[in-house]
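We did not get these values from a lab; they are worked out from the coordinates using the rules stated. None of these values were measured; they are calculated from a predicted model. When we count neighbours, we look across all protein chains shown, and the Cβ atoms used for this are built from the backbone with ideal geometry, even at glycine.
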Amino acid sequence: MVAKGIERSEPGAPARAWVFAVSAWAVPGLGHFVQKRWTRGLLLGGVVWGMFVAGLLLGGHLFKMGGGDQGLSGLLQLLPMSANFGAGLLYIFCWLTNTGFAEQAQRVTYEYGNTFLLVAGLLNYLAMLDAFDIAAGRKE
Amino acid sequence: MRHVLWMALFAALTGIVFGGVAKGTDRQKLMYGLKVFGEFLAIAFILGWILYFIPLR
């Protein structure tokens, strides 16, 4: 009787949905391209790439854990780093080449650059979930 | 003026993604993206004018 009122949970997402989600995170737009969603991939990927590059050009800086932070103050970097990390391989490439981690607070557009970099990563998380939902059949 | 342009660019790009991942028809997505864009701009202008009248210095 009770069980009748409980909706059955959806079957698990196929493994390829996870692969597409990871590819969408790694290279913005790729998760949609591999599913032949050309327009959506171009739009979402283009925005993330554009915002990331614009953020760097505006003088924004990327966040990372560690460095010279004392005690627990390093944890303050965790949230913005998580946002930056959403840009996938773009962030990892910058981390490997030590690009974009220097503060340029003297520049007028410094805060804009930071915001663009943070939001580029966050938007890519959204695009990643979108690619996952499409592959899992939850979205057209 | 340049600040307004950067803000408008930010709002436009964010609106594109929000509209792009939204559910519904293409028209509904477009309208949602435009709504997000407009809301970003409106809130920024309202906050800007509120801060203008607050003596922070």
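Taking the Cα centre of the protein assembly as shown as the origin, how large is its charge dipole in debye, to the nearest 20, when only Lys and Arg (+1) and Asp and Glu (-1) carry charge on their Cβ atoms?
440 debye
Using 20 Å as the cut-off for backbone N distance, which residues of region A:84-128 belong to the label zone defined by a point 7 Å from the Cα of B:Gln28 along Cα→Cβ?
Under cut-off, by backbone N: A:127.
Report the relative contact order of chain B, percent, no decimals, based on alpha-carbon pairs under 8 angstrom and at least 6 residues apart.
32 percent
Relative contact order (percent) for region A:9-140, with alpha-carbon contacts under 8 angstrom and 6 or more residues of separation?
Dividing the mean separation by the residue count of region A:9-140 yields 38 percent.
Out of A:Ala15, A:Ala127, A:Ala87, any idea which swings most in a Gaussian network model of chain A, alpha carbons joined below 10 Å?
Of A:Ala15, A:Ala127, A:Ala87, the Gaussian network model singles out A:Ala15 as fluctuating most.
Taking the Cβ of each residue in B:Asp26, A:Asp130 as the centre, tally the other Cβ atoms inside 10 Å and list the residues starting with the fewest.
So the residues, fewest neighbours to most, are B:Asp26, A:Asp130.
Under a crude label model (7 Å from the Cα following the beta-carbon direction), how far is A:Glu111 from A:Leu78 in nanometres?
For A:Glu111 paired with A:Leu78, the spin-label model returns 2.7 nm.
For chain A, with a Gaussian network of springs between Cα atoms less than 10 Å apart, report the residue from A:Leu117, A:Leu129, A:Leu75 with the top mean-square fluctuation.
A:Leu75
Please identify the DSSP H helices in chain A that span no less than 18 Å along the helix axis (Cα) and have a mean Kyte-Doolittle hydropathy of 0.5 or more.
A:38-57, A:110-135
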